[in-house]
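S.K.: Submitted below is the structure of interest, expressed as structure tokens.
Just so you know, all these numbers are worked out from the coordinates, no wet-lab data involved. Bear in mind that the values here come from a model prediction, so they are computed numbers and not experimental data. For neighbour counting, all protein chains shown are included, and Cβ atoms are generated from backbone atoms with ideal geometry for every residue, glycine included.
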Amino acid sequence: MKDIALQALDAALARGVSYADVRVEHARERALGTKNGQTGRLGSSESTGAGLRVIVDGAWGFAATDDLSSTGLSAAAEQAVSIARASALASRSPVHLAPEEKHEGVWESACAIDPFSVSIEEQLALMLAIDAELRRNPGVTLAETNMIFTRTRQVFVSSLGSVIDQTRTTSQAGFEAWAFKGSEIQKRSYPNSFGGQCQLKGYELVYGLLLLDNAPRIAEEAVALHSADQCPEGTLPLIVDSSQLALQIHESIGHPIELDRVLGSEANYAGMSFLTVDKLNTLRYGSDIVNAVADARLEHGPGLGTFMFDDEGVPAQRIDVIRDGQFTGYLASRETAPVIGLTRSNGAMRAAGWSRLPLIRMTNVSVLPGPHTLDEVFDVDRGIYMETNRSWSIDDKRYNFQFGCEIAWEIRNGRRARMLRNPTYSGITTEFWNSCERIANRENWTLWGVPNCGKGQPEQVMGTGHGASPARFRNVRIGGGYGK
Amino acid sequence: MNLLEQAECQTIFDRAQRAARAAGVDDIEIYIGANATALTRFANNAIHQNVAERDRTLSVRALIGQRTARATTNRTDDDSIRRVVEEAIALTKVAEPDPALLPLVSPEEAGEIGAAPSRFDSATAATTPEQRALAVKEAIGIVEAASATAAGIFETGEEVEALLNSRGLFRFHTETSARFSITATANDSSGWAKASAVSAGAIDPVVLARSAADKARLSASPRELPPGRYTVVLEPAAVLDLVGQIFADFSATAIFDQRSFLTGRDLAGLFGENVVIHDDAYHPLQSGAPFDGEGVARRALRLVDCGTVRDIPYSRASARRAGVAPTGHGLALPNDTGEMPINIVIAGGGSTLDEMIASVGRGILVTRLWYIREVDPFEKIMTGMTRDGTFLIEGSRPVYGIRNFRFNQSVIEMLRNVVAMSAPVRASGEEAFDLVAPAMTVANFNFTEVTRF
């Protein structure tokens, strides 16, 4: 792969580019699913190709090809150059990149048990055992399980002289119990909705999730929701579990701090951001106890946003995003960093495969643990505790959001009281984070994976990481999703 | 010349068949895809991302007794073909037997493809980066002249799909596509327009740029209205954004699984009498292949007739279970969702958009919707935001722009409250796949919150 990458780079350099980088990738995936005791999905896929990014006449061009012959690579280089020349027809100012060092390295993410070495029979046997356990509850009308494993090797080379070889292995697993009754569909998921938990790990992730142990409880809750009261409307203290807080972080911290969005690059699709550059170091984003980082380093944990180098050859870094409630940092690229006075990119450029252009993407954007025990977080006279995301929506500048969860409980005097169905909550981003009054400690902190973040045109689906512990917010609007 | 010719597809299949037989397996199905697309993206009145890609897909499904599984690669050399076939067979051997699994479809059972319009335009396939850049430059100029900032895309591409199986089925489809969308952003307002077509020549970037710029200008200095129930005029893209959310539930498998909102409902008069919805792969404004994931010919369906749900899409497996004929809407096997209609055509009415606005005493005009997610799966309550051109209608005309609303609206209720419709057009949005839809006037639309812009 290195030879192919260098050959493509040479083909670009021979055409007079002022900068070029090449990513050659081989991606492998295994996807399994069961539904009501049958194999629902069973497949494997692999994809290999090269993406060439060039600057010519001060403008960008990018071409990606599955043809890795020398003819194919030359054609792709020629295409990238001709595209860059066309870009120059409607450009305003030449592209300027923040300086970066030449880097060389080989890195492979930790993987205690290679998920591709575990037999499919074993994987399906576990999934079918979970499926059977869910359907032992007669109220469960649909049981589904899934596992997805990926391994991507990428060789990055650039005209700076960098040669970086990275291999990342991810694992994902989870299950859902559906219960249809009368005129309602209820669903419970474990350990999270929309695919479960997903991390930069091998099959050890699956063993650690205790999937089978949790199946009876999840089935019971899915069925019990039909007898639960509707979540009331009102303004109340809200406690969210760590998986829901992870998605809240993703939508209302992670996306607003993407500097390309702030600067208008995504105006036509993903939208812009309320975090205009004048707010850097001046905006009180949250209460004093809110501290958030964007951290792609191994030290942060095995997140979907963990790597050694980003996709323009910048080393993984940690950025303070919110420090003691104050907004302190954006996610940037080599092109956008100078706009806010940074002398160097903070390493957030990532592409969804060889055929896509790197964009500023979240790495692991996490809210750091607080000092509180779970009992302290739940210590309210009356409040609502919500668990596991069911729906999520936020406006195109990331102000107004609404989330729905699968299940809730009313909290009375610090303890769970009645179960509630169809809970939703909504708010304005900065008001919400400024109302944060308790964050649980590291014992309750989990680094969640969001495998389905969409951005860019053509759209790129990316995995991001978000560490969170359960947290409490005061005066939150509850129940608006079912408001008349 | 196509990206992939039929003869090459047959050659790839023959090699795959030989590899399968060498491993003792007779029954395989292969899907071959090839695509070449290019997208010129602009923001801040300049091209900032400009990309092209070409790729292939070779996906092999093996069938051994009551077992099936799939392996996929993007390489079509001899060695890769052999390896992907062997991988498909290895996976199939460890799959759980499925008593309901059917044999590969024969050409006779797959049926005749109806008369479909050509969906390939060689000029679109040959569009150059310079042509896209010059069109973008002209559109930027229009928005800039209106004191706004332009962002958007111009995409052109071609695609080939082939499906062959060892019972002699050979399906082949090729098409081109073009998309142009543009957002004009002013100080405190924005406007948006988008179009898609088989042919780039059917899209006029100048018209779209003017429309986006006009919306940005007319919605300047937006005022805040209280949330509540309003009569809304939804432009076709907004109809697509919202109504497009419900069609995964028009699936026999989803109903069997009791995860569809149609499960156990009285389907007579579920929507208003003026609601008529077809699924029609052969409609001149539609796109896509006229066969499904197993190669069965797509049939045109009347999903909703005068407000009553009539036809439900069936794959071969769900049709066998229900004792009916498949409709050609099955997804590639193995899968856990069954089938889905993807060529939606919503019949319209006789009004123009201007007449619809004029007939509303007081209401809201909505250009597009954003970030729509399902709040309630059975009532089909969707939440989302308005975006890029939301206006108060008063005295039969849009009078000023308003701050964007959040809605929590049941699509079932919405389709009972349709007051007027325009003629349908090919609508293109970002929240659902392209479909043919009219603008709609809807009474009692439920806006629940308002944002800060």
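S.K.: If you plug each phi of the range A:37-53 into the Karplus form 6.51 cos²θ - 1.76 cosθ + 1.60 with θ = phi - 60°, what whole-Hz ³J(HN,Hα) values come out, in order, with x for Gly and Pro?
M.R.: Computed from phi, the couplings for the range A:37-53 are x, 10, 5, x, 10, 7, x, 9, 8, 9, 8, 10, x, 9, x, 10, 10 Hz.
S.K.: For the range B:45-126, run through the GluC sites (Glu not before Pro) and keep only the ones in DSSP coil with at most 11 other Cβ atoms within 10 Å of their Cβ. Please list the in-between numbers first.
M.R.: Details: sites: B:53, B:86, B:87, B:108, B:109, B:112; in loops: B:112.
Passing sites in the range B:45-126 are B:112.
S.K.: Would you mind giving the average projected area, over all directions, of the Cα convex hull of the protein assembly as shown in nm² with one decimal?
M.R.: Values: hull surface 134.1 nm².
With every direction weighted equally, the projected area is 33.5 nm².
S.K.: Another one. Provide the net charge surrounding residue B:131, with neighbours chosen by a C-beta distance below 12 Å and charges set as Lys +1, Arg +1, Asp -1, Glu -1. Present the calculation step by step, with values, prior to reporting the outcome.
M.R.: Numbers: positive: B:132, B:137; negative: B:130, B:138.
In short, 0.
S.K.: Residues with amide H under 5 Å of residue A:435's amide H, sequence separation 5 or more or different chain, H placed in the peptide plane at 1.01 Å from N; which?
M.R.: A:287
S.K.: Another question about this same structure. Within the range A:1-31, list the trypsin sites (Lys or Arg not before Pro) lying in a DSSP loop whose Cβ has at most 15 other Cβ atoms in a 10 Å radius.
M.R.: On the way: sites: A:2, A:15, A:23, A:28, A:30; in loops: A:15.
Taking the range A:1-31 and a limit of 15 other Cβ atoms within 10 Å, no loop trypsin sites (Lys or Arg not before Pro) are found.
S.K.: With runs of 4+ DSSP H residues as the only contributors, calculate the mean residue ellipticity of chain B at 222 nm using -39,500 (n - 2.57) per run, divided by the residue total and rounded to the nearest 500.
M.R.: On the way: 11 runs with 103 residues, N = 453.
The per-residue figure over chain B is -6500 deg cm²/dmol.
S.K.: Any idea what the dipole of chain A comes to, in debye rounded to 20, about its Cα centre with Lys/Arg Cβ at +1 and Asp/Glu Cβ at -1?
M.R.: On the way: 48 positive and 57 negative charges, 168 e Å.
For chain A, the charge dipole is close to 800 debye.
S.K.: Quick query: amide H of residue A:310 versus all other amide H atoms, modeled in the peptide plane; which residues come in under 5 Å with a sequence gap of 5 or more or a different chain?
M.R.: When sequence neighbours closer than 5 places are left aside, the close amide H contacts are A:316.
S.K.: Given contacts defined as C-alpha pairs under 8 Å and at least six residues apart, what's the relative contact order of the range A:229-482, whole-number percent? Working shown, then result.
M.R.: Numbers: 706 pairs, mean separation 73.7, N = 254.
Worked out over the range A:229-482, it gives 29 percent.
S.K.: Rounding to the nearest 20 debye, state how big the charge dipole of the protein assembly as shown is about its Cα centre with +1 on each Lys and Arg Cβ and -1 on each Asp and Glu Cβ.
M.R.: Its charge dipole is roughly 1300 debye.
S.K.: Give me the count of lysine pairs in chain A whose alpha carbons sit under 27 angstrom apart, restricted to pairs 8 or more positions apart or on different chains.
M.R.: The number of close lysine pairs in chain A is 12.
S.K.: Let me ask you something else. Quick one: what are the phi-derived ³J(HN,Hα) couplings along the range A:368-383, Karplus 6.51/-1.76/1.60 with θ = phi - 60°, whole Hz, x for glycine and proline?
M.R.: With the stated coefficients, the range A:368-383 comes to 5, x, x, x, 8, 6, 4, 4, 5, 5, 8, 7, 10, 5, 8, x Hz.
S.K.: Enumerate the calculated ³J(HN,Hα) couplings along the range B:52-61 in order (Karplus 6.51 cos²θ - 1.76 cosθ + 1.60, θ = phi - 60°), each rounded to whole Hz, writing x wherever the residue is Gly or Pro.
M.R.: 8, 8, 9, 7, 10, 10, 10, 10, 10, 10
S.K.: Relative contact order for chain A using alpha-carbon pairs under 8 Å, separation at least 6, rounded to a whole percent?
M.R.: Working: 1323 pairs, mean separation 74.4, N = 484.
Here the relative contact order equals 15 percent.
S.K.: Have a look at B:103, B:91, B:40 and report the one farthest towards the positive end of the charge dipole of the range B:1-112, computed about the Cα centre with Cβ charges (Lys/Arg +1, Asp/Glu -1).
M.R.: Of the listed residues, the answer is B:40.
S.K.: Additional query: Where does the charge balance sit around residue B:443 when Lys and Arg score +1, Asp and Glu -1, over other residues with C-beta under 14 Å from its C-beta?
M.R.: In short, +2.
S.K.: Check which residues have an amide H placed less than 5 Å from residue B:349's amide H, if you skip close sequence neighbours.
M.R.: Long-range HN contacts for residue B:349: B:421, B:422, B:423.
S.K.: Quickly estimate the mean residue ellipticity at 222 nm for chain A, helices only: each DSSP H run with n ≥ 4 gives -39500 (n - 2.57), and the total goes over all residues, rounded to 500. Before the final figure, lay out the partial values.
M.R.: Details: 9 runs with 87 residues, N = 484.
Computed ellipticity for chain A at 222 nm equals -5000 deg cm²/dmol.
S.K.: Return the whole-Å distance between the Cα centroid of the range A:414-484 and the Cα centroid of the range B:250-287.
M.R.: The distance from the Cα centre of the range A:414-484 to that of the range B:250-287 comes to 33 Å.
S.K.: Over what distance in Å are the Cα centres of the range B:385-413 and the range A:1-54 separated?
M.R.: 43
S.K.: So, one more: Considering only the other residues whose Cβ falls under 10 Å of the Cβ of residue B:171, what net charge follows from Lys and Arg at +1 and Asp and Glu at -1?
M.R.: On the way: positive: none; negative: B:161, B:292, B:294.
Taking every Cβ under 10 Å from that of residue B:171, the sum is -3.
S.K.: Could you state the principal axis extents of the C-alpha atoms in chain A, from the largest down, to the nearest angstrom?
M.R.: Over chain A, Cα extents along the principal axes are 70, 55, 39 Å.
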